[in-house]
Amino acid sequence: MRRLSIRFAVRALSGSDRDAEEVVHDAWIRACERLAGFRWESGLATWLCSIALNRCRELRRERARETGIVPPPEPGSPATAGAGGDLAKVLSKLPEGQREILLLHDLQGFSYSEIGALLGIEAGTSKSQLFHARRTARALLQGADDE
């Protein structure tokens, strides 16, 4: 499903509901302000997602500067509940680029070429990074099962 959602932002931000709501809100405001400049070189959903993804990156940098650390998921958030908690933990441990590509492809349904356009990389690079992200995630999940 390719729509701008709080769930996507929660996962991109490693589980912070409050920050995800802020990202989605800011992304919609920015999209409305910049809609006249949209050139239709990509899909509207791709453009909206890129705004949200950029805002997630900005917010992570802001939070890191403020606190010196990345905030953990909020207790009781979807990212820490039940079996999804393991996935949220794994996503939070992935390098930022791998997490973004995994979210964009496997959860949002973007193609390799759309991801490439969104992130400014070649489609083949997005495919390769997705492979590495899945391999890393699988290893982390297997490690969690061993505990």
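Read-outs throughout are calculated quantities, based only on the coordinates presented, and are distinct from any laboratory measurement. Owing to the predicted nature of the structure, the values given are computational and were not obtained by experimental measurement. Reconstructed Cβ throughout: ideal geometry from the backbone, glycine too, with neighbour counts over all protein chains shown.
Quick look at the numbers
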item: Residue exposure sequence - 119, 44 - by fewest surrounding Cβ within 10 Å; result: 44, 119
item: Burial ordering of 40, 28, fewest other beta-carbon atoms within 10 Å first; result: 40, 28
item: Label-point separation in nm, residue 86 to residue 39, each point 7 Å along Cα→Cβ; result: 4.5 nm
item: Region 88-117 versus region 24-61: alpha-carbon centroid distance in Å; result: 17 Å
